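This report concerns only the one structure given below.
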Amino acid sequence: METNGNKIYWHIPGFCGFRILNQVLMNMMKSHPDYFNDGYVIGSSYGTFPGAIWNGGRAVVGSVSKKQIESILNIYNSREVPVRFTWTNSLIGEKECYDTYCNLIMRLADNGLNQVLVNSPALEKHLAENYPSFKRISSTTKRITDPEKLAEELGKDYFLVVLDYDLNHNEEVLNRIVESGNAGRCEILVNEVCFPNCPKRAEHYAQQSKMQLEFDTSVSYPCLVSNAPRNFEECMKRPAFIKDTEINSYIERGFRHFKIAGRGMPESYTIDSYVYFLVKPEYRNLVRNKIETSIRDLKNQAAAGAAKRRL
């Protein structure tokens, strides 16, 4: 995928966990482009396969087979949509870089289309040396809020740098990005649910990294918004939220990449986000109904197929 000035790229969550939802969305964008905002395309789907220790941001345990990995990669790559691995575990050292499972995933996905999010010097070096065809993206989990450090990050050899959500409405920072000519290399997270200016965010990411390494998701963390409702309406109240009516003001200044959060959230939250940001207002109810119906039908078909194989 190369950035085209006439296209606006949306990076969507859960290439594995939300694969049915994302497949329905991609099919609908192809068959009914008139439902969606002009120029909007899926730039990538980010996430991880369960049990990959390089994963960060959200711990995801479990496992999938080689055949399942290949099948899920094909869902996106056959549509020319990159899969973007969240290799943002900040605790990865040189030893963990040789993990068999994660390197298998990389070899299976090494086709020149897919991408990696990074937040570990050791792993980033390993990826650059062994998998140079993957576009590398600087992750928001680095928690870069200092304008000088952000400018330094944008000066590095990254395909994109994901902006920390606390800077979404900082006009001084946004103008500096535009003036430096880097708006097209900056990705903006539009619907973050986390606490504004959270003093524990970096610490929380480190804890998630440890949980992933230890395959242990039972450890609780004193999140500042843990008791808040997990829905899109609550997200819209956050100061970092970017309204649909504000998106054009970013596009007009040269920003072309927008990220929709959703990993670890209910599927309903992700559907709400897709409909709100991607769909023209007059088609939102129609698209929501079509998505929900299609997901239900596909899940029923899958369940019936599984039951038949057990007979």
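Using the beta-carbon distance between Glu234 and Ser71 and R0 = 25 Å, what value does 1/(1 + (r/R0)^6) give for FRET efficiency, to the nearest 0.05?
Step by step, r from the Cβ atoms, then E = 0.15.
If packing is taken as the mean number of other Cβ atoms within 10 Å per residue, what is the order of 177-186, 300-309, highest first?
So the order, starting with the most tightly packed, is 177-186, 300-309.
Once the dipole of the chain is set up with Lys and Arg at +1 and Asp and Glu at -1 on Cβ about the Cα centre, which of Thr245, His126, Ile53 lies farthest towards its positive end?
The residue sitting farthest along the positive end of the dipole is Ile53.
Please sort 54-64, 88-98 by packing, taking for each peptide the average over its residues of neighbouring beta carbons within 10 angstrom, highest first.
In descending order of packing, they fall as 54-64, 88-98.
For Cα pairs less than 8 Å apart in space and 6+ apart in sequence, what is the mean separation divided by the residue count of the chain, i.e. the relative contact order in percent?
Worked out over the chain, it gives 22 percent.
Can you tell me how the stretch 171-310 classifies by the Cα gyration tensor, rounded, prolate or oblate, using a/c under 1.5 as the rounded cut?
Verdict is oblate for the stretch 171-310.
Over the chain, consider all pairs of different Cα atoms and compute the Kirkwood hydrodynamic radius from their mean reciprocal separation; express it in Å, one decimal.
Here the Kirkwood hydrodynamic radius works out to 20.1 Å.
Which lysines does Lys95 reach when only Cα atoms under 24 Å apart count, and residues fewer than 8 places away in its own chain are ignored?
Correct list for Lys95: Lys66, Lys125, Lys135, Lys142, Lys210.
Beyond 22 Å, what percent of the Cα pairs of the stretch 1-151 remain?
The proportion of pairs with Cα distances above 22 Å equals 42 percent.
Only the coordinates and a few stated rules stand behind these numbers; no lab work does. What you are looking at is a predicted structure, and each value in this text was computed from that prediction instead of being measured. Reconstructed Cβ throughout: ideal geometry from the backbone, glycine too, with neighbour counts over all protein chains shown.
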